[in-house]
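Undergrad: Let me begin by handing over the structure; questions about it come next.
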Amino acid sequence: MTTRDAPSRETILAALQGVTLPDGGDLVSRDLVRALAVAGGAVRFVIEADSPAAAKALAPVRAQAEAVVSALDGVSQVSVALTSHGPPPSLGKTGGKGAPAMQIGRHPTAGPNSVPGVKRIIAIGSGKGGVGKSTVSANLAVALAREGWRVGLLDADIYGPSQPRMMGVTKRPASPDGKEIIPPVAHGVTMISIGLLLREQDEAVIWRGPMLMGALQQLLTQVRWGELDALLVDMPPGTGDIQLTLCQKFDLAGAIVVSTPQDVALLDARKALKAFNTLKTPVLGLIENMSTFICPKCGHEEHIFGEGGVKREAERLGLPFLGELPLAVEVRLASDGGVPVAATDSPVADAYRRMARRLIDSVD
Ligand SMILES: Nc1ncnc2c1ncn2[C@@H]1O[C@H](COP(=O)(O)OP(=O)(O)O)[C@@H](O)[C@H]1O
Ligand SMILES: [Mg+2]
């Protein structure tokens, strides 16, 4: 397997300097680039405009930014979100049977809340994007359901929701009374994603921080979750406001941190661990994703990112190690096809099953 090195932040920023704005200057000189993250060949960042109107006007700039970064050597995937500081546009009424629009801008209520019927809320986080948090969330949810737990999955990655694709759900959820949202069930898991509730695909990109917090709270409290043994929350990358809101406003059973064995990912994972620690959210365990590469042609297994890094880190910190997962093309193909690999019969599904058992045993 040959991989080209991912570009540095400097290279990416230099490319973005070439993207000029309609009212003068460029993306970098006008300081509009936020949250630049490079993970492997995946690059993601936010363009932050002054107002929703300005954000709208920047749509072509966003497309251009995506194009110049995509053209860089070593970049396999680019995701650019457009946000604004100003007041939000109204999302309008949905009317009829569709799920209600998010009441963006609503402030989270104070104090730790629980969600009726939900025994434990478990956040799945990592320090950075692209380590496989969403993949692990979807598969662990499916594996837990196969082990007999009643499981919910909440996709809290508002800028880049991936659970509709991974779980194979696209239909807008119903809401008979226009308030309560009836979540779909896929592969035995009750799930919701902000991606299912947006009017248009790009709508989330013009929300600002506090609105997102309100939306997260709505997903937790307005969805009819029913009786659940666990609700897994697939967190956005990093240690931002969403993590803060979830940990401070909701009574969490704990968090699971996903990392790859690479030192650099571990460093980021340490940041996430530290943040959970500060927020007094217990860490239920660490998971190593992309531990080994399994060659699809010959089945040979290779520790391309180094061996046992996350396990050692867990031991060092006295935290449970929940297991390791290989980097395997079937994992990505399964995710892209809407049937998580844990729902199949395969060695990777077995690894997820063992992980689910370990988690069940450790919390029961
Ligand atoms: N173990 C794995 N083997 C192969 N591909 C993987 C694995 N884990 C994640 N991927 C792929 O890597 C990409 C990023 O994973 P994702 O779960 O979206 O990361 P995150 O949520 O941390 O940003 C996706 O295309 C996913 O299919
Ligand atoms: Mg994700």
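Undergrad: Among the residues of region 128-159, write down those that are small (Gly, Ala, Ser), in contact (Cβ under 8 Å) with a residue 40 or more places away in the chain and more than 10 Å from ligand 1 (Cβ to nearest atom).
TA: The initial filter retains those residues of region 128-159 that are small (Gly, Ala, Ser), namely 129-130, 132, 134, 137-138, 141, 143, 145, 148, 152, 156.
Now narrow it down to the ones that are in contact (Cβ under 8 Å) with a residue 40 or more places away in the chain: 129-130, 132, 134, 137-138, 141, 143, 145, 152, 156.
Correct list: 141, 143, 145, 152, 156.
Undergrad: Here's something else I'd like to know. Would you be able to tell me the number of residues in region 67-92 that are modelled with pLDDT under 50 and of a type in the set (Gly, Ala, Ser)? Walk me through how you get there before you give the answer.
TA: Step one: filter region 67-92 for residues modelled with pLDDT under 50, giving 86-92.
Of the ones still in play, those that are also of a type in the set (Gly, Ala, Ser) are 86, 90, 92.
Here the count works out to 3.
Undergrad: If I ask for residues that are part of a helix (DSSP H, G or I) and not charged (D, E, K, R), which ones from region 38-61 would you list? First the steps, then the outcome.
TA: Going residue by residue through region 38-61, those that are part of a helix (DSSP H, G or I) are 52-57, 59-61.
Within region 38-61, 52, 53, 54, 55, 57, 59, 60, 61 qualify.
Undergrad: So, one more: Between 112, 184, which is farther than 24 Å from residue 254 by Cα and either out of contact with any Gly (no Cβ under 7 Å at 6 or more places or on another chain) or more than 16 Å from ligand 1 (Cβ to nearest atom) (or both)? Steps first, answer last, please.
TA: Working: 112 fails: farther than 24 Å from residue 254 by Cα.
Sole residue among the options that is farther than 24 Å from residue 254 by Cα and either out of contact with any Gly (no Cβ under 7 Å at 6 or more places or on another chain) or more than 16 Å from ligand 1 (Cβ to nearest atom) (or both): 184.
Undergrad: Inside region 2-37, can you point out the residues that are of a type outside the set (D, E, K, R) and not in a loop (DSSP other than H, G, I, E, B)?
TA: Passing the criteria: 11, 12, 13, 14, 15, 16, 20, 33, 35, 36, 37.
Undergrad: Does region 274-293 contain any residue that is over 25 Å from residue 34 (Cα atoms), among the β-branched types (Val, Ile, Thr), at pLDDT below 90 and in the same structural domain as residue 147 (by TED's automatic domain parsing)?
TA: Scanning region 274-293, I find at least one residue that is over 25 Å from residue 34 (Cα atoms), among the β-branched types (Val, Ile, Thr), at pLDDT below 90 and in the same structural domain as residue 147 (by TED's automatic domain parsing), so the answer is yes.
Undergrad: With respect to residue 301, determine if the residue is buried (at least 21 other Cβ atoms within 10 Å of the Cβ) and closer than 21 Å to residue 353 by Cβ.
TA: Values: buried (at least 21 other Cβ atoms within 10 Å of the Cβ): no; closer than 21 Å to residue 353 by Cβ: yes.
Spelling it out, it is not the case that residue 301 is buried (at least 21 other Cβ atoms within 10 Å of the Cβ) and closer than 21 Å to residue 353 by Cβ.
Undergrad: Got at least one residue in region 46-65 being farther than 30 Å from residue 132 by Cβ and among the β-branched types (Val, Ile, Thr)?
TA: There is at least one residue in region 46-65 that is farther than 30 Å from residue 132 by Cβ and among the β-branched types (Val, Ile, Thr).
The values are calculated or read from the model by the stated rules, or taken from the named source; none is laboratory data. Keep in mind that this is a model prediction, so the values were computed, not measured. Backbone-built Cβ (ideal geometry, glycine too); neighbour counts: all protein chains shown.
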